[in-house]
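S.K.: Sharing a structure, written as structure tokens. Questions coming.
Just so it is clear, none of the values below were taken in a lab; they were calculated from the coordinates. Please read these numbers as outputs of a predicted model, since none were measured by experiment. Glycine also receives a Cβ, built like all others from the backbone with ideal geometry; neighbour counts cover every protein chain displayed.
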Amino acid sequence: MQRSIADAGWRFDNSYARLPEPLFTPAVPASVRAPAIVVLNAPLAADLGLDPEVLEAEGAAVFAGNALPPGATPIAQAYAGHQFGQFTNLGDGRAILLGEQLTPDGRRYDIQLKGSGRTRYSRGGDGRAALGPMLREHIVSEGMHALGIPTTRSLAVATTGEQVLRATPLPGAVLTRVAASHIRVGTFQYAAALADEGLLAPLFEHALARHDPELARADDPAAAFLEAVVERQAALVARWILVGFVHGVMNTDNMVVSGETIDYGPCAFLDAYDPATVFSSIDRQGRYAYSNQPAIAHWNLARLAESLLPLMKGGDEAALERAQGVLGTFPERFERHRLAGARAKLGLISKEEGDGELFAALLERMHETRADFTATFAGLARWAEAGPSAADGCGESVFSGWCDLWRARLTRQSGTPAEAAARMQRVNPVVIPRNHRVEEALTAAEAGDFSVLHRLLAVLHSPFDETPENEAYRVGPPAGCGPYRTFCGT
Ligand code: AMP
Ligand code: MG
């Protein structure tokens, strides 16, 4: 018997839509001319308790916004945000939350359409998205997931059969995003700016129930929640730094309290290591440069702290002091995560005072020589395996003096070089979503050829294994590519 999309396994419980308006506005996805799935994430579907075969055969209408799955309560969420430092009221201008899917084992995930038409918050925008940027989000978010970095996911990208007008007409598409929640720093800023306890308190209860239910019993749940978010963001940004990721637009509306990476716009990965790298064409001041990311996360978290102040215990001054105390822990938390990750990248299992300096010295050499970030660390794992013989490349490379120090350091801990190499291979990826490969896949897809995209997605699925299939994906861009730029024209 033919099964319909209603039988795919949807199990919605839409708790956000039970919060008071104006935290959201009901919204209906726009119908489009010719829905077609171009990529479906079957493993993610299965994880959500959805039947990939039914979705593949019958899901296009849902993934393009023409049909609603049973149990959906479509809404656009309201939020504010500091964009490049300027406070603005925003909201889902081109995204619609269908609802919260409960997985068979009881986890809860937002299912959101991105690019599904205008909402109350669209301002001058058309509410639409182009195929390139939606595929880019699919590729990079799934690549991040494979790297083990917390991120929103992409369940599907569907084309609409319509064009969107950007600098030129482009094929339109809708991405189905899956997230632990879409509660942003900016969501709290929005509620706080309305100065309505009737909004802020229920929003907070909702966020706590979803992400930190155990903190409801804390002495000061709002302060405890702030600390939990500070910890998650410190861990997250450290992971970005350790893999060479530049988010590109770390506005407070693009930072979620769940600690997932969200909103893949002008993001990109470093090829040559340069801490000042900025990819986004609109980031002229370098506010969101690679090495600025921890400071910006800290700044954004200060905006969350301000928004939570009215909920904290003990009157204004006590609350402020507590919030500042929690915020003040961000730099050391970030450093702790970064150093732990740095040790792992270098194969170190013991701790020595000088480990941070050893890592910094390597980065300095890499900067001077414009070494490829990913390939350098992948190469170190091979060098560890070769052991302390001089004729293996490391001792003869531009890193020679550093290599001696590193090898001496490795001998001051237990285990063999082969064991160190095996550990390093589990944390230093050989393939990442390299910019030139992402662009190549998007260009082919825009011309109707999705084979390049599917090959890239397959390779990114196993970023830590050297395979014959990924050999060509391990290297940086061909010479003469020039500095990479990403555009916000999404
Ligand atoms: P972003 O830079 O993608 O994080 O978006 C910033 C804000 O602009 C959010 O409120 C978006 O919903 C809104 N936005 C972005 N693109 C569009 C569009 N094409 N139509 C309407 N709103 C948009
Ligand atoms: Mg955004």
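S.K.: Could you tell me which residue out of 410, 422, 301 lies farthest along the dipole of the chain toward its positive end? Charges go on the beta carbon: Lys and Arg +1, Asp and Glu -1, centred on the Cα centre.
M.R.: Final value for the positive-end residue is 301.
S.K.: Now, a different point. Using the eigenvalues of the Cα gyration tensor, what equivalent ellipsoid semi-axes result for the stretch 185-338 when each is taken as the square root of five times the eigenvalue, whole Å, largest first?
M.R.: 29, 16, 13
S.K.: How big is the Cα convex hull of the stretch 346-427 in projection, averaged over all directions, in nm²?
M.R.: Taking a quarter of the hull surface, the average projection is 4.8 nm².
S.K.: Under unit Cβ charges (Lys, Arg +1; Asp, Glu -1), what dipole magnitude, rounded to 20 debye, does the stretch 5-179 have relative to its Cα centre? Please list the in-between numbers first.
M.R.: Details: 15 positive and 16 negative charges, 147 e Å.
Using only the charged Cβ atoms, the result is roughly 700 debye.
S.K.: Oh, and also: Pairs of Cα atoms under 8 Å, at least six residues apart: use those to get the relative contact order of the stretch 1-160, whole percent.
M.R.: 28 percent
S.K.: By per-residue mean of other Cβ atoms within 10 Å, what is the highest-first order of 309-321, 68-80? Don't jump to the answer; show the numbers that get you there.
M.R.: Numbers: 309-321: 14.6, 68-80: 21.8.
Ranking, from highest mean packing down: 68-80, 309-321.
S.K.: For the chain, give the magnitude of the charge dipole about the Cα centre (Cβ charges: +1 Lys/Arg, -1 Asp/Glu; no others), in debye to the nearest 20. Write out the running numbers ahead of the final one.
M.R.: Numbers: 45 positive and 57 negative charges, 115 e Å.
Here the chain has a charge dipole of around 560 debye.
S.K.: Under a Cβ-Cβ cut-off of 11 Å, what is the net charge of the residues other than residue 85 that fall near it, where Lys and Arg count +1 and Asp and Glu count -1?
M.R.: Once all neighbours under 11 Å are counted, the net charge is +2.
S.K.: Which order, highest average first, do 22-33, 150-161 follow once you tally other Cβ atoms within 10 Å for each residue and take the mean per peptide?
M.R.: Output ranking for 22-33, 150-161: 150-161, 22-33.
S.K.: Here's a follow-up. If you stretched the chain out fully between residue 195 and residue 397, how much longer would it get, using 0.36 nm times the residue separation minus the C-alpha to C-alpha distance?
M.R.: Taking 0.36 nm per residue and subtracting the Cα distance, the gain is 66.7 nm.
S.K.: Between residue 276 and residue 332, what FRET efficiency comes out of the Förster formula 1/(1 + (r/R0)^6) with R0 = 22 Å and r the beta carbon distance, rounded to 0.05? Don't skip to the end; give the middle numbers.
M.R.: Numbers: r = 24 Å, r/R0 = 1.09.
So, using R0 = 22 Å, E works out to roughly 0.35.
S.K.: For the chain, just run the numbers: alpha carbon Rg, then divide by 2.2 N^0.38 Å, N being how many residues it has.
M.R.: Expressed relative to 2.2 N^0.38 Å, the Cα Rg reads 1.00.
S.K.: Kindly state, to the nearest 0.05, the FRET efficiency for residue 105 paired with residue 454, given R0 = 30 Å and r defined as their beta-carbon distance.
M.R.: 0.55
S.K.: Turning to a different aspect of this structure: Enumerate the whole-percent occupancy of each 5 Å bin, from 0 to the last occupied one, for all C-alpha pair distances of the stretch 1-102.
M.R.: Percent of Cα pairs in each bin: 2, 12, 18, 21, 18, 13, 9, 5, 2, 0, 0, 0.
S.K.: Residue-wise, which Karplus ³J(HN,Hα) couplings in Hz belong to the stretch 297-309, taking 6.51 cos²θ - 1.76 cosθ + 1.60, θ = phi - 60°, and x for glycine or proline?
M.R.: 4, 4, 4, 4, 5, 5, 5, 5, 4, 4, 5, 7, 3
S.K.: Find out how many positive minus negative residues lie around residue 25, taking Lys and Arg as positive, Asp and Glu as negative, among other residues whose Cβ is under 11 Å from that of residue 25.
M.R.: Neighbourhood net charge equals -1.
S.K.: Relative contact order, percent, of the chain when contacts are C-alpha pairs under 8 Å separated by at least 6 residues?
M.R.: On the way: 930 pairs, mean separation 67.2, N = 490.
Reported as a whole number, the value is 14 percent.
S.K.: Which net charge results for the neighbourhood of residue 51, defined as the other residues with beta-carbon distances under 10 angstrom from its beta-carbon, given Lys and Arg at +1 and Asp and Glu at -1?
M.R.: Charge balance near residue 51 sits at -3.
S.K.: Check residue 130: other-chain or 5+ apart residues with amide H under 5 Å from its amide H, H built from backbone geometry?
M.R.: Distant-sequence amide H within range of residue 130: 173.
S.K.: Shifting gears a bit: Which order do the peptides 119-125, 88-94 come out in when sorted by mean C-beta neighbours inside 10 angstrom, highest first?
M.R.: Descending packing order for the listed peptides: 88-94, 119-125.
S.K.: Can you divide the C-alpha Rg of the stretch 93-217 by 2.2 N^0.38 Å and report the result to two decimal places?
M.R.: Relative to the rule-of-thumb radius for its length, the stretch 93-217 sits at 1.21.
S.K.: Can you compute log10 of I(q)/I(0) for the stretch 5-179 with the Debye formula, treating each Cα as one identical point scatterer, at q = 0.11, 0.19 Å⁻¹?
M.R.: -0.44, -1.35
S.K.: How high is the relative contact order of the stretch 1-66, given as a whole-number percent (alpha carbon pairs under 8 Å, six or more residues apart)?
M.R.: 49 percent
S.K.: Would any residue of the stretch 250-281 have its amide N under 19 Å from a label point 7 Å out along Cα→Cβ of residue 83? List them or say none.
M.R.: From the stretch 250-281, the list is 250-256, 262-267, 279-281.
S.K.: With 17 Å as the cut-off, how large is the P(r) tail for the stretch 411-465, expressed as percent of Cα-Cα pairs? Write down the numbers at each step before the final one.
M.R.: Details: 769 of 1485 pairs.
Pairs farther apart than 17 Å: 52 percent.
S.K.: Go through 135, 32, 62 and say which Cα lies farthest out towards the positive end of the charge dipole of the stretch 1-144; charges sit on Cβ, +1 for Lys and Arg, -1 for Asp and Glu.
M.R.: Going by the charge dipole, the pick is 32.
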